[in-house]
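Scroll down for the structure; my scribbles are underneath it.
The values are calculated or read from the model by the stated rules, or taken from the named source; none is laboratory data. These numbers come from a predicted model, not from an experiment. As a convention, Cβ positions derive from the backbone with ideal geometry for all residues, glycine included, and neighbour counts pool all protein chains shown.
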Amino acid sequence: MRTRAKTYKHKPLQKTTHIRVLVLQAELDSQPALQCSLEHMEISDASFTALSYAWGNQALAFEMEVISPDGISEGYIPLTTSLNNAIRDLQACTDIQSKRFWIDQICINQQDEKEKGAQVAMMGSIYTRARQVITHLGPAEADDGEAIALIEEVYRRADLHAGGLDRLPYVTETMLTMLRDKAVHLDPHTLALPGLHDILYGPWTERLWMVPEAILNQNTSVLRGKTALPWMVVVTVACLLSYSLRDSVMPGEWDVGLRVGVLRGARLQATRERLEGSEGDMRSLFGLMGLLQTSRCFDPRDRVFALLGIASDAQQLGIKPDYSKPVERVFTELAVAHLKVHRHLDFLSFCMREPRASRHRRPPSWTPLLDFAPRKEWSMLRPQEASAGRPARYSFEADETVLVLRGLFLDEAARRVDMNDWSLAAMLREAGRPSDAEASNLASFCEAVQTVRRELGDSPETDAALACVFFQNSRWSRPSLGAGTFFRHCAARIARDNQRAGGTASEADAGRAPGDQADLPGILAAELQSLDAGMTRERVEELLREARYLGSRRSLCITRARRLCLALESTEPGDQLVLLLGGGHAYSLRPRGDAYQLVGDVFYPGFMNGEAFAELSWPEKVMSGTAFSDPGWEEKLMNHEAFAEPDWEQNLVDVRLV
C-alpha cells in the first residue's frame, strides 16, 4: 500500500528522440515493495517491452520505489491498483525474460504537458520498435484454469475446422458450423464463468489506446495473472463465442452491460484486421474515429491524439499532441484541418453528440463533440453521396468560430414522429416472446408507422417510402406489395391492440399474445424483395442486423413538402433541411438570427445520390468527355450558352454555421 514517502521527480529528457525505459528489479523476500530504475536513451537504441493495460480506478493506492544506478532511493511513484497488479504479474511471469518495460504512466512525466505531448507524438515509433506488446487483463481468478483451457480448445478446434483462422477476417460462421457439426462441445457452466468473460470481454477491450498499441506491433500477447496467451487467440475466441452464443447459450444470466462487452470484444478483432490492410478513408483520422467510436479514453483529447500514430492523413493534417490546449480548441482545430485538407464535410457526423457540458465549454455546433458519455452509441447514417463528390466551398469568420458553407435549401421539418429505442432485429425474431422492453418498443414502432400512414396516406407509395427511410436506400422507388405489406401489418397491429384494450377484439385475435410476431419476418422479406429484385433472404437478415445500429436515436420526420426522412431525435419543427457542397448527407439546421446551428445529418430520399447536383458545368463536361456529345454543341459554344452555369450553381447560397 502507499505510504507518505518522498514522491519521485522525473529528470528532464535531454533530446526529443529520448524515452525512458523502466528496468524492473527482482522481487526480494526482504523487500516486498516494487522497485525499478529509469534509464534515458535514444528510442532507436532502446530494447523494451511495451505494456498495455486498463487504467481502472484512478485512486493512487500503491507505489513503486525508483532506485538510482548507485542503489540509492530517488523517491516513489504512485500507482493505481490496476497498474500495481500489472507490474507484479510482469515481474512474476516466467515467460517474460526481459524485465525492461515502457509503461506510459511511469515513463512519461504526467505533470509536464509539453513532454507529454511530445512523447504521445512518438507513440507510433514506441509501439512499433517495442520487442513485444503485452496487454494485461487483470489478476488471476480462481476459475481461470477452466476458462483458459476452453479458450485454447475452442481456438484449436476452430483453426482445424476452418483450415486456418488467420486467413479469415470474420469467423462467425466458423463457430456456427462447428456447433452444427458437433465439432466442439460447449458446457454452459464453463461459458458462464466470470473469469471467461473477464478475459475475453473485460475492460481492456474498451481502451482506445489499446488499438494503436496492438496494430503497430505484430508481436502481441495478453497476460492474465502470470499466464501469457497469444493476443490473436484471445481476440479470435472472443469473436467466435460472442455472436453465435450471446442469445442462445448466454441469455438472461448476462446483464446488458456484459452484452455490450461481448459485442465490443467481437468488434475488436474485425477492427484490427480492417485497419491493417485498408487504405484511404478507413485509415483517415475520422475513418478511424468512426470505427472506434465506442472505445474509452481518460482524456477526451486522446480521441484525436491516440490515433495520430496510425492515421494515414496525420501528416497532412499537421496536428500535434498538445495537452496545454483546451478540449474544445483541440476539436475545433481538428475540424478546420480536416476541411482544409480533404474539403469534405464527413466530420459533421461527429458534431451531433451529447457533450459533458459540466466539464467543458460547448464549442461551435460544427465542431466535433468527442467528449461524450461512455457506452453511448452514436447515431450513424449509411454513407451517401448527396453532393455528388463535389468538394466543400467554405470560409471562416470571427477567428474560426463561424463556418460559412455553400449549399441548397431543400425543405423544412414539419413534424417529428418518435419511435423510442426501436429494433427491427428484436421485433423479427423467429420464435419466442419478446421482453417487456422489446414489446414496448415494438408498440412504439407500430404506432409511428400508423402515424406516418395517416399523415401521408394508406398507400404502397407510403410503404415504399418507409422502407427507403428505415433501411436508408433512396434507390428503392418501385411501389411495394399491396395488401399485407410489413408496414400495413404494423399499422394494423395498433388497431388490433386498441381493440383488445377496449374489449372488442375477436376471440381468435385475443388468443394471440401481445408482441406475437411469428409472421413478420416473411412479410418483411417479401416487402424488401418487391423493392429490389436482387434482394436475397441473407441480405434481408443483414439489413435487419444493421438497422438497429443505424437507427439509434433517430426519429421519422414529415416535412412541409409532405416527404418522409430520417433525422435525429432532437430535430424540431421549423428546422431547415439543406444540402451542403462537400457533404454526404442532408443536414438539419436550426435558425439562429442570420446564422444556423447544426442539429444533425438527415437521410432525405431522392437526394442522397447527388441528384441535386447532377447537371455538369462546362469544365466538368470537358473533363468527362461529354462536352461535345450534344449535336448542337458548336452553336451553343458560339452563343456562349455552353458556359452557362447549371441551375444548382445559380441557386447556391451562403450558409453560416455558429
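Looking across the range 333-345, the residues that are farther than 23 Å from residue 123 by Cα and buried (at least 20 other Cβ atoms within 10 Å of the Cβ) come down to 339, 342, 344, 345.
Entry remark, the range 119-146: residues being assigned by TED's automatic domain parsing to the domain that holds residue 50 and part of a helix (DSSP H, G or I) number 10 in total.
Here residue 53 passes the criteria (1) in contact with an Asp or Glu (Cβ under 8 Å, 6 or more places away or on another chain); (2) within 28 Å of residue 206 (Cα to Cα); (3) at pLDDT below 95 except the one numbered (1).
If you scan the range 14-53, which residues turn out to be of a type in the set (Asp, Glu) and surrounded by 14 or more Cβ atoms within 10 Å (Cβ to Cβ)? Hit for the range 14-53 is 39, nothing else.
Which ones in the range 56-103 are assigned to a helix (DSSP H, G or I) and either more than 17 Å from residue 34 (Cα to Cα) or of a type in the set (Val, Ile, Thr) (or both)? Once the filter is applied, which keeps residues that are assigned to a helix (DSSP H, G or I) and either more than 17 Å from residue 34 (Cα to Cα) or of a type in the set (Val, Ile, Thr) (or both), the range 56-103 yields 81, 87.
For the range 539-551, the count of residues that are at pLDDT 60 or above and under 30 Å from residue 655 (Cα atoms) is at least one. Here residue 341 passes the criteria (1) at pLDDT 90 or above; (2) touching a strand residue (DSSP E or B) at 6+ places or on another chain (Cβ under 8 Å); (3) hydrophobic (A, V, I, L, M, F, W, C) except the one numbered (2).
Criterion applied to 116, 182 was being at positive phi and either in a loop (DSSP other than H, G, I, E, B) or surrounded by 20 or more Cβ atoms within 10 Å (Cβ to Cβ) (or both), and the one residue passing it is 182. So the check is Cβ under 7 Å with 6+ separation or different chains; which pairs have a first residue in the range 215-243 that's within 15 Å of residue 156 (Cβ to Cβ) and a second one that's among the aromatic types (Phe, Trp, Tyr)? Between residues of the range 215-243 that are within 15 Å of residue 156 (Cβ to Cβ) and residues that are among the aromatic types (Phe, Trp, Tyr), the close pairs are 233/155; 236/155; 237/155. Is it the case that some residue within the range 279-289 is at pLDDT 80 or above, buried (at least 16 other Cβ atoms within 10 Å of the Cβ) and assigned to a loop (DSSP other than H, G, I, E, B)? The answer is yes, given that some residue of the range 279-289 is at pLDDT 80 or above, buried (at least 16 other Cβ atoms within 10 Å of the Cβ) and assigned to a loop (DSSP other than H, G, I, E, B). Summed over the range 572-596, the residues that are on the phi < 0 side of the Ramachandran plot and touching a helix residue (DSSP H, G or I) at 6+ places or on another chain (Cβ under 9 Å) give a count of 7.
Restricted to helices (runs of 4 or more DSSP H) entirely inside the range 377-482, those with at least 2 residues that are closer than 26 Å to residue 558 by Cβ, at pLDDT 80 or above and touching a Pro at 6+ places or on another chain (Cβ under 6 Å) are 460-471. Of all residues in the range 301-330, those being of a type in the set (Lys, Arg) and crowded, with 21+ Cβ neighbours inside 10 Å number 2. In a residue-by-residue description of the range 592-608, the property of being small (Gly, Ala, Ser), in the same structural domain as residue 395 (by TED's automatic domain parsing), buried (at least 20 other Cβ atoms within 10 Å of the Cβ) and under 22 Å from the mean Cα position of the chain (by Cα) applies to at least one position.
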